[in-house]
1. With respect to the numbered conditions (1) surrounded by fewer than 20 Cβ atoms within 10 Å (Cβ to Cβ); (2) assigned by TED's automatic domain parsing to the domain that holds residue 309; (3) on the phi < 0 side of the Ramachandran plot, which one is the sole condition not fulfilled by residue 102?
2. Tell me whether region 76-89 contains one or more residues that are assigned by TED's automatic domain parsing to the domain that holds residue 292 and not in a loop (DSSP other than H, G, I, E, B).
3. Given the conditions (1) closer than 25 Å to residue 298 by Cβ; (2) surrounded by fewer than 21 Cβ atoms within 10 Å (Cβ to Cβ); (3) touching a helix residue (DSSP H, G or I) at 6+ places or on another chain (Cβ under 9 Å), and given that residue 83 satisfies all but one, which numbered condition is not satisfied?
4. Checking residue 58 against (1) out of contact with any helix residue (DSSP H, G or I) (no Cβ under 8 Å at 6 or more places or on another chain); (2) closer than 30 Å to residue 423 by Cα: exactly one of these is not met. Which one?
5. Taking only region 267-283 into account, find how many residues are surrounded by 24 or more Cβ atoms within 10 Å (Cβ to Cβ) and touching a helix residue (DSSP H, G or I) at 6+ places or on another chain (Cβ under 7 Å).
6. Is it the case that residue 43 is surrounded by fewer than 13 Cβ atoms within 10 Å (Cβ to Cβ) and in contact with a strand residue (DSSP E or B) (Cβ under 8 Å, 6 or more places away or on another chain)?
7. What's the total number of residues in region 383-407 that are over 16 Å from residue 445 (Cα atoms), surrounded by 15 or more Cβ atoms within 10 Å (Cβ to Cβ) and out of contact with any helix residue (DSSP H, G or I) (no Cβ under 8 Å at 6 or more places or on another chain)?
8. Kindly indicate whether any position in region 190-198 is surrounded by 21 or more Cβ atoms within 10 Å (Cβ to Cβ), within 16 Å of the ligand (Cβ to nearest atom) and assigned to a helix (DSSP H, G or I).
Ligand SMILES: *Cc1c(COP(=O)(O)O)cnc(C)c1O
């Protein structure tokens, strides 16, 4: 069975974000079921999923209520569109609930099928907004290096992932990138708060260099996810906010990861006191049970699009898909009735922070950081306290050791990251930290014993 699936996988399946050839040689791990915070592979191994799938299974696996919401809706109305003056109850109810949970000035939502489509929608709305305002030259978007905003052409262009840009051909024009508030990686040991202010000052410098009259929007994740769980210094967002308040520029906060409880608030923007004009959402919106995304649209942009725009020639076949919307609605209702947000803020976040910080004393760890239920470990060479040589692949080695010992912890270069389901229990956090520590020990041993390079990426 495993063999068949692996052979067919090799023969026919081009995986996302994978080296096709290397994967084909090594074979994929086959995941067959899941429950709570654990996934199960076809060998029967139970693996603690500290990434919540891909930052999305916020309510954990095996929630019957979500399955029931999907099947009920699929029986009643499996599909209908909301083009051409039609609508259906699940999309409307979800829109209403999202706007109730969002900051007060946000009262409209546009649905998409994913986070990437949400960011494509953002770009179209930003351009349309300024055109309608009689400012067709105000079209430039400032984004950040090492940001992730998806993998469509627009998403990738807004993102600041150099390897993606290198493979992507000509990018969408009119998007530029400023430095990221990555203290461990890029501050050279500067005082963190001064570093945060400098990164915000880079935004103002870029606005002035481009000309305020040409800058349409600034887009950022509250905490960078795929870039390496990068938590900005406390000084960063207030300083960015102060810069944006001085100029007439839209703020887009990409909530695809930070939305729906990850930082202990409904939205990351609330944690940082931001009032975005546009908030792309996806992932935790449905806890990943069915694909759905969207853009929460603040009154300023929404009213312009509505009052002055005429028909907006944009939308997707699956915008507001009934079954996806029904699952997302049930997901949000469960998060609310079970007090998930409060639990992350008051209990699980602080507990993880305490346990995670213990890993900072490990010789392989240069920094351990967390906020809410997102966390990172920066791997360093114990001999020098500096980064390992990239060719050693320390991060991938650690990730593979984790997987083999029953823990999904992802690597971004030599940064290990976690983003567990928001329903994780204290004893499961203990297990996560214990397994991470054991994996760090094993990684250190393997790195110490290996001559130089070839520790290839393996899916052991
Ligand atoms: C995952 C992600 C996206 C893209 O979402 P998809 O559903 O994969 O298209 C966009 N922004 C952020 C911050 C993400 O983490």
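1. (1)
2. Checked against the condition, which is being assigned by TED's automatic domain parsing to the domain that holds residue 292 and not in a loop (DSSP other than H, G, I, E, B), region 76-89 yields at least one hit.
3. (3)
4. Tallying (1) out of contact with any helix residue (DSSP H, G or I) (no Cβ under 8 Å at 6 or more places or on another chain); (2) closer than 30 Å to residue 423 by Cα, residue 58 fails exactly one: (1).
5. The initial filter retains those residues of region 267-283 that are surrounded by 24 or more Cβ atoms within 10 Å (Cβ to Cβ), namely 267-269, 276-283.
Imposing the further condition that a residue be touching a helix residue (DSSP H, G or I) at 6+ places or on another chain (Cβ under 7 Å) reduces the set to 276-283.
Summing the residues that are surrounded by 24 or more Cβ atoms within 10 Å (Cβ to Cβ) and touching a helix residue (DSSP H, G or I) at 6+ places or on another chain (Cβ under 7 Å) in region 267-283 gives 8.
6. Working: surrounded by fewer than 13 Cβ atoms within 10 Å (Cβ to Cβ): yes; in contact with a strand residue (DSSP E or B) (Cβ under 8 Å, 6 or more places away or on another chain): no.
No.
7. Of the residues in that region, 2 qualify.
8. No.
The values are calculated or read from the model by the stated rules, or taken from the named source; none is laboratory data. No experiment lies behind these values; they were computed from the predicted model shown. All Cβ positions, even for glycine, are placed from backbone atoms using ideal geometry, and neighbour counts span all protein chains on display.
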